[in-house]
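Report on one structure; see the data block that follows.
The values are calculated or read from the model by the stated rules, or taken from the named source; none is laboratory data. These figures come from a predicted structure and were not determined experimentally. With ideal geometry, Cβ positions are generated from the backbone for all residues, glycine too; neighbour counts draw on all protein chains shown. Protein only, heavy atoms only, side chains kept; ligands, DNA and RNA dropped before computing areas. Shrake-Rupley method; radii C 1.70, N 1.55, O 1.52, S 1.80 Å.
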Amino acid sequence: MLTAAPLLSPPPPPPRCHVAIPLRCHAPTQQVAAAAADRGLLLRGAGSPVVKRAPGGWLLWYQCGARVALAASTDGLRWGPPVEPDPLVASTDWWAFDTAAVRPSDVLLFSGPDASARSGFPSSAVYWLYYSGSTDERFGSPFPAAAAAAAEDVPALPGLAISQDGRHWARIEGDHHTGALLGVGEEEEGGDPRRGWEARCVAAPKVVLHAEGDLRMYYHSFDEMSQRHAIGLARSKDGVRWRKAGKVLEGGKAGSFDEGGVRHGHVVRDRAAGRYVMVYEGVDANGRVSIGMAVSEDGLKGWRRSSELPILRPSDDDEGWDSTVVGSPCLVQMDGAYDWRMYYTGVGRDGEAAIGMAYSEGHGLQKFEKWDAVLIVPLMALWVTGSIPILANLFFSRRITTTVKRRTEKTIDCMKKERDAQPLKWHQMDGLPRLPFLEYRHSP
């Protein structure tokens, strides 16, 4: 049974400097313009978000250059600095499939007893990281597909690593001669033994534990016959040995937002509807990338688009941080059965990749709106101990709906209580160090 795992053990303080650029503090004169351009923005210089909720907080694995980084948060919006050491870096084995770059795709969190029952893994191995690895340095870009169709030529294969604490990982070799879990052109279940439909890559493995002994991996590849990307399925009993089961979703009809192909499909079981939901990248005829949604009753077949329109498009603001590409979606169902968050990668005109978040509330799951909670207000001097002024970076929502107003008031009240209880001190968040919300962090 899949259960929540505890948060990570604390790394030694002090934390290192950000490699991925964190939220930037804007000068007061820039705030009005910056608010619109930065709508939805959470973390700069990062891509391929994998977000998980755990007791006491949130965890974010993401791509930072050629390696995987990890950050923590109490609310899934304000993220701390990356922990050290880097959770996963490129392999040093010359024969491996991931010697140039690695990119996170999905993380499964198991309790100790569940982990020990799987493939003889030790009971403390609670984190399973599925990732893509490549021998091509272009894979080190958080979003290589943003620049050119040449990204189709980047080789990538799926891998697995396990960890006892979420930070220190051990690779698990798959059946492929490079150590990958799957290879390109391998036999499908009941298919042609000479060749599968994939060419060049088996990338972005997203794994769902459907039931005990039934794990499902959704991945994408480039189909030489159709000359576009498609999403395929593989199945496993133990999470290590996989068997391909064919395509589950292909590009849309002519003129659609995804007629050029689909990729990076992330599948989640919808608790309210009892069906499976997939969010994915759709590429149109001009190479523009948006995010679409499809649903299936059993997660195996019968995938159908929930709409002929994307659920999230690039920003209309030319100066927006995500004005050219939105993709690599990661879907999280909240406590409310009809409330969802979708973390995603965006790319602006300057080519910089960043991570943002959009949300959906209410029935239907048809539309996502970019979150406004990262708007940075003017710095305030708060006197929390005697005469020591502290610069505060308060995050709030500009939305004027009654629901968000109430949430904002509740959040500010909680932040004030936290300030009074823990002034000017580092403290632990169930094992992960983080700064009090009043700490001011400046990034040039």
Query raised in the report: Could we say that HIS26 is over 26 Å from LEU312 (Cβ atoms), modelled with pLDDT under 85 and not aliphatic (A, V, I, L, M) here?
Result: no
Query raised in the report: Only one of GLU319, GLU361 is surrounded by fewer than 16 Cβ atoms within 10 Å (Cβ to Cβ), more than 17 Å from the chain's Cα centre (by Cα) and among the charged types (D, E, K, R); which?
Result: GLU319
Query raised in the report: Which of the residues spanning region 194-215 are open to solvent by less than 30 Å² (accessible area, probe 1.4 Å), part of a strand (DSSP E or B) and over 17 Å from VAL50 (Cα atoms)?
Result: GLU198, ALA199, CYS201, VAL202, ASP214, LEU215
Requested in this report: Only residues in region 86-100 that are touching a residue at least 12 places away in the same chain (Cβ under 8 Å) count as the first member; pair them with residues that are acidic (Asp, Glu) and part of a loop (DSSP other than H, G, I, E, B), Cβ under 7 angstrom, at least 6 apart or cross-chain, and list the lot.
Outcome: ALA90/ASP98; SER91/ASP98; ALA100/ASP136
Query raised in the report: If we scan region 277-291, do we find a residue that is more than 24 Å from the chain's Cα centre (by Cα) and either at pLDDT 95 or above or open to solvent by less than 20 Å² (accessible area, probe 1.4 Å) (or both)?
Result: no
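Residue-wise test of (1) modelled with pLDDT of 80 or more; (2) surrounded by fewer than 22 Cβ atoms within 10 Å (Cβ to Cβ); (3) among the hydroxyl-bearing types (Ser, Thr, Tyr).
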site	(1), (2), (3)
THR324	yes, yes, yes
ILE355	yes, no, no
LYS367	no, yes, no
ILE376	no, yes, no
ALA381	no, yes, no
Report summary line: Residue pairs qualifying under the 8 Å Cβ cut-off, at least six apart or on distinct chains, with the first in region 229-243 being under 14 Å from ALA180 (Cβ atoms) and open to solvent by less than 30 Å² (accessible area, probe 1.4 Å) and the second being part of a loop (DSSP other than H, G, I, E, B) and among the aliphatic types (A, V, I, L, M), are ALA234/LEU182; VAL240/LEU181; TRP242/LEU181; TRP242/LEU182
Query raised in the report: Of the residues in region 276-309, how many are charged (D, E, K, R) and farther than 26 Å from ASP322 by Cβ?
Result: 4
**Report entry** So ARG271, is it at pLDDT below 95 and open to solvent by 10 Å² or more (accessible area, probe 1.4 Å)
**Finding:** yes
Query raised in the report: Can you tell me how many residues in region 53-77 are small (Gly, Ala, Ser) and open to solvent by less than 10 Å² (accessible area, probe 1.4 Å)?
Result: 5
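Per-residue answers, yes or no, for (1) at pLDDT 90 or above; (2) under 27 Å from GLU212 (Cα atoms); (3) assigned to a strand (DSSP E or B):
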site	(1), (2), (3)
GLY80	yes, no, no
SER91	yes, no, no
TRP95	yes, no, no
THR99	yes, no, no
PRO104	yes, yes, yes
GLY120	no, yes, no
SER123	no, yes, no
